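S.K.: Below you'll find the structure I mean.
The values are calculated or read from the model by the stated rules, or taken from the named source; none is laboratory data. Here the structure is a predicted model, which is why all the values come from computation and not from measurement. Heads up, the Cβs are rebuilt from the backbone with ideal geometry, glycines too, and the neighbour counts pull from every protein chain shown. What goes into the accessible areas is simple: the full protein's heavy atoms, side chains included, and nothing from ligands, DNA or RNA. Shrake-Rupley method; radii C 1.70, N 1.55, O 1.52, S 1.80 Å.
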Amino acid sequence: MNLQHTPIKPHVVIILTLLTLLSYTTSLEAQPKAKKKTFSSPFIAPMNIPLSFSGAFGEIRPNHFHSGIDIRTDGEIGIPVMAAADGYVSRIKISPWGGGNVIYIDHPNCKDLFGHTLRTVYMHLDHFNPKIALWTLQSQYHIQSWSIDTIVAPGVLAVHKGDIIAYSGNSGSSGGPHLHFEIRRAHNDQPLNPVLFGITDHDHTSPIIKDIKLYPASDRSCVNGNTQSRSLPAKINQMTVSGPFFVGINCYDQSETYKGKNGVDDIKLYVDDSLVWHYSIRTFLFENTNLCNYLIDHPTYQSLRVEYLLTRGIPNKKLPGTTYHDYYTTQFHSYQGIIMLATGTHTLRYEVCDAAGNCTTKSFYVQSTNDQLYSEVTHACLPDYLSLIPDSAKIASRLKAKQMEILNDHTPPTIRLCHSKQKQQMPKAKPGLTITFRLSDRGSGIKDYACYLNDKWILAQYDGKKSTLSVTLPTGDKNYGIKNYPSLLPSGNKITVVVTDMADNEAHETYQLY
């Protein structure tokens, strides 16, 4: 585009609405406590405690968007978790990684305004209620695996709003006790921001704007006389630019009860009171989640773990986002987020709001010294520091290295009895006793494991964070309706542990109980 004949005014530079979902949401106004238009929600909060979040929907995590909200439990395990609405358990997943112990509930009578049936997801649970736990136990013995990911037929495990379905925990890859809660569209598992359904925490603290950076957008651009990005000075609320540029903001949210850094809900950038950029997460598709790397200054995030959300887009990249008709495309207008100012001093203003409607405003001045309008504004001349996701060659190299690691691994895993200095000294066998083993592998890593009581498969739980395998001895004669359920003998009991690594090296250990 020839800019010499078409001067660019600030108010037509860009309006980017990222990840905006439904027509019943409105933008937050620039005021200490913005009011949001809401609608009647079919859901209740999944925990009957004062809600405090340690993770917001859509905040950018390493290589992915956060797909739910993290509800704090103040370090406690075992707080009741309730079904958010009437429905039925549709899926149960148990894994030493990821969400750990997970329950999915479909809600046939709960739909969004577009008619899509909704689903709720509850992660990092400690244990399930007795009915769900029994069904899960029977499924685990049926396939002889502690880790499962299984579909539950409609009506088998029906639940009502407010029923206790499980208890909060720290399972999977959780970094501490909490409940990860999601609302999704059932037909494609597309996550939606729970804030849309009135699930918000008790927060009266406005977000914090930590830093603002200006980035040169061409090899002929300068910020404060430099060709590299520059932060807004702490005491001088003004920057000087020459040529096209874009802006990055480092901001986060806190509350009275949680001083960690949560993502914010809504960000707007104005130039001379004209909205030029708008970021507001409402939904995304899991297949697009790694594209979050395109929205930030990725090299700075990799090196310093400091996140700057950028106004500029990337050509030929379908960023996750929505419009009214298309739920996973982004609308750009004019130059993909590159700002070109006429000569003179301009006022730039950020408005940053959290999910509860608390807002922070930051204004600063940019003096443009453009002596001419450039003939081109192109991403081809962007500097190297805007490199983004590792390219396919790097990914292929990592995969090859992992394959070589597996091929060169000829050492079997090791199995060690915890709470005992002697390898085969077992505690006294008694019903309900839990025996724990520590598993390790110096090569390719643990792949599979199994435990047998008197040559019958017995459920054993693997904790990936602690690298431990725990088995609880059966109690009484109850078999839970499971064929070949293991049982203790009057004497001569034994436990066998079998562990396989990624290179298929296998280790066996048999322990005699006394």
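S.K.: Can you give the translational diffusion coefficient of the stretch 439-514 in µm²/s, computed by Stokes-Einstein from the Kirkwood radius over Cα pairs at 4 °C and 1.567 mPa s?
M.R.: Details: Rh = 13.6 Å.
Diffusion coefficient, whole number: 95 µm²/s.
S.K.: What order do you get for 62-72, 339-349 when each peptide is scored by the mean count of other beta carbon atoms within 10 Å, highest first? Mind showing how you got there, number by number?
M.R.: Details: 62-72: 21.2, 339-349: 17.5.
Packing order, densest peptide first, comes out as 62-72, 339-349.
S.K.: Could you give the length gained on full extension between LYS161 and GLN302, defined as 0.36 nm per residue of separation minus the Cα-Cα distance, in nm? Don't skip to the end; give the middle numbers.
M.R.: Values: separation 141, 0.36 × 141 = 50.76 nm, distance 4.26 nm.
That pair, LYS161 and GLN302, stretches by 46.5 nm at full extension.
S.K.: Using the structure shown, list the pairs from LYS131/LYS430; LYS447/LYS478; LYS213/LYS235; LYS131/LYS161; LYS402/LYS465; LYS261/LYS362 with a Cα-Cα distance above 23 Å, or answer none.
M.R.: Numbers: LYS131/LYS430 26 Å; LYS447/LYS478 31 Å; LYS213/LYS235 15 Å; LYS131/LYS161 16 Å; LYS402/LYS465 21 Å; LYS261/LYS362 19 Å.
Pairs exceeding 23 Å: LYS131/LYS430; LYS447/LYS478.
S.K.: At a 1.4 Å probe radius, which order do LYS111, LYS456 fall into by accessible area, largest first?
M.R.: Working: LYS111 105, LYS456 85 Å².
Listed by decreasing accessible area, they come as LYS111, LYS456.
S.K.: Could you please put THR411, THR205 in sequence from largest to smallest accessible area, using a 1.4 Å probe?
M.R.: On the way: THR411 90, THR205 45 Å².
Largest accessible area first, the list is THR411, THR205.
S.K.: Starting from the residue with the highest accessible area, list TRP97, TRP135, TRP146 in decreasing order, probe 1.4 Å. It would help to have the intermediate numbers written out before the result.
M.R.: Numbers: TRP97 130, TRP135 55, TRP146 20 Å².
Accessible-area ranking of TRP97, TRP135, TRP146, largest first: TRP97, TRP135, TRP146.
S.K.: In nm, to one decimal, how far is the THR414 label point from the ILE236 one, both placed 7 Å along Cα→Cβ?
M.R.: Going by the 7 Å Cα→Cβ label model, 6.0 nm.
S.K.: Take every Cα pair under 8 Å in the stretch 427-500 that's 6+ residues apart, average their separations, divide by the length, and report that relative contact order as a whole percent.
M.R.: Details: 111 pairs, mean separation 30.4, N = 74.
Taking the mean separation of contacting Cα pairs over the length of the stretch 427-500, I get 41 percent.
S.K.: While we're looking at this one, here's another question. Identify the residues of the stretch 425-450 with backbone N under 20 Å of a label point that sits 7 angstrom from the Cα of GLN144 along the Cα-to-Cβ direction, or state none.
M.R.: It comes to 447-450, nothing else.
S.K.: Shifting gears a bit: In whole percent, what relative contact order does the stretch 148-240 give with Cα contacts below 8 Å and a gap of six or more residues?
M.R.: Computed over the stretch 148-240, the figure is 12 percent.
S.K.: Apply the Karplus curve 6.51 cos²θ - 1.76 cosθ + 1.60, θ = phi - 60°, to the phi angles in the stretch 70-85 and return the couplings in whole Hz, x for Gly and Pro.
M.R.: Values, residue by residue: 9, 9, 6, 10, 6, x, 8, 10, x, 7, x, 10, 10, 5, 6, 6 Hz.
S.K.: Calculate, for the stretch 127-187, the solvent-accessible area per residue in square angstrom, rolling a 1.4 angstrom probe over the heavy atoms of the protein chains. Kindly include the intermediate steps, with their values, before the conclusion.
M.R.: Working: 2680 Å² over 61 residues.
Dividing the accessible area of the stretch 127-187 by its residue count gives 44 Å².
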